[in-house]
Ligand SMILES: Nc1ncnc2c1ncn2[C@@H]1O[C@H](COP(=O)(O)OP(=O)(O)OP(=O)(O)O)[C@@H](O)[C@H]1O
Ligand SMILES: [Mg+2]
């Protein structure tokens, strides 16, 4: 479903070049959960951005569901990012003035879906993450784990085939983190969704089918 071929990303800062990602190739199959591991600055987030089309590579190609992202115009890429790929962040990024259900519905509403359908899909997504009974709560009325599950529901509500998660447990205590990892793991169970998760937590990384270790922007090692 996702194939990365010899991808590189170079940032230019003043006169200096930073090779954040160099010559990375990998495949992600449907239903697979792949974990990217590595020290701070090893290029994990940069690679995740390239996978999700949030950033364009300096070299190499990213094929998503058979399409080379580089061949897509900006609006087609925006649509693909919005409709096929879900993002989960370390700091949940929920809007404080909206309820859980409203936060979850927002991206689908922005995509042009009717109010009624968006609300129904938001409720279904909250149900899938076990938060049906928190739908009308505001973020500040929820625990960190509940907020992250709401953010996962928001990512799911667009019905993505790929979920990208950057340190999704980085802001949670160990037990809550484990719950969120279990939830993410379960989301791939029917084989229609894939997940790429970034972490620097060795314990958290064990949840994946595969671990890819990055060092200085390159794949250092891969473990099953
Ligand atoms: N927009 C940017 N401009 C210039 N350099 C950047 C930019 N984004 C990242 N870098 C550099 O690229 C390298 C990889 O950064 P990246 O954020 O991908 O690392 P990371 O593995 O996600 O680290 P962390 O665990 O701290 O989040 C670092 O040296 C970083 O300073
Ligand atoms: Mg990062």
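Of the helices (runs of 4 or more DSSP H) entirely within the stretch 62-145, those holding at least 2 residues that are touching a helix residue (DSSP H, G or I) at 6+ places or on another chain (Cβ under 6 Å) occupy 100-110, 115-128. Among the listed residues 41, 15, identify the single one that is within 16 Å of ligand 2 (Cβ to nearest atom), more than 30 Å from residue 140 (Cα to Cα) and without any contact (Cβ under 8 Å) to a residue 24 or more places away in the chain. None of the other options fit; the residue is 41.
Scanning the stretch 18-42 for residues that are surrounded by fewer than 19 Cβ atoms within 10 Å (Cβ to Cβ), on the phi < 0 side of the Ramachandran plot and away from ligand 1 (no atom under 12 Å from the Cβ) turns up 25, 26, 27, 29, 30, 32. The condition of being in contact with a helix residue (DSSP H, G or I) (Cβ under 7 Å, 6 or more places away or on another chain), closer than 27 Å to residue 156 by Cα and either within 16 Å of ligand 2 (Cβ to nearest atom) or at pLDDT 95 or above (or both) does not hold for residue 24.
Go through the stretch 1-13 and report how many residues are outside any loop (DSSP other than H, G, I, E, B) and surrounded by 16 or more Cβ atoms within 10 Å (Cβ to Cβ). Steps first, answer last, please.
Within the stretch 1-13, the subset outside any loop (DSSP other than H, G, I, E, B) is 2-13.
Still in the list and also surrounded by 16 or more Cβ atoms within 10 Å (Cβ to Cβ): 2-5, 7-9.
Residues meeting the conditions: 7.
Can you tell me which residue is farthest from the chain's Cα centre (by Cα) among those in the stretch 43-60 that are more than 11 Å from ligand 1 (Cβ to nearest atom) and more than 14 Å from residue 19 (Cβ to Cβ)? Outline the logic, then answer.
Of the residues in the stretch 43-60, the ones more than 11 Å from ligand 1 (Cβ to nearest atom) are 51-54, 56-60.
Those left that are additionally more than 14 Å from residue 19 (Cβ to Cβ): 51-54, 56.
Working: 51: 9, 52: 8, 53: 11, 54: 11, 56: 17 Å.
So the residue we want is 56.
Those residues that are more than 18 Å from residue 84 (Cβ to Cβ) and part of a loop (DSSP other than H, G, I, E, B), I need them from the stretch 37-55; list them, please. If the condition is that a residue be more than 18 Å from residue 84 (Cβ to Cβ) and part of a loop (DSSP other than H, G, I, E, B), then 38, 39, 40, 41, 42, 43 are the ones that fit. Residues that are assigned to a loop (DSSP other than H, G, I, E, B) and within 20 Å of residue 91 (Cα to Cα) within the stretch 183-203 comprise 200, 201, listed in sequence order. Quick test of your reading of the structure: residue 70 fulfils all but one of (1) within 24 Å of residue 222 (Cα to Cα); (2) more than 13 Å from ligand 1 (Cβ to nearest atom); (3) surrounded by 13 or more Cβ atoms within 10 Å (Cβ to Cβ). Name the failing condition by number. Residue 70 satisfies every listed condition except (1).
From the list 148, 90, the one residue that fits, being within 16 Å of ligand 1 (Cβ to nearest atom) and closer than 26 Å to residue 46 by Cα, is 90.
So, in the stretch 14-36, of the ones that are within 18 Å of the chain's Cα centre (by Cα) and not in a strand (DSSP E or B), which residue ends up farthest from residue 51 (Cα to Cα)? Out of the qualifying residues, it is 31.
The values are calculated or read from the model by the stated rules, or taken from the named source; none is laboratory data. Remember, predicted model here, so these are calculated numbers, not experimental data. Cβ sites come from the backbone with ideal geometry, for glycine too, and all protein chains shown count toward neighbours.
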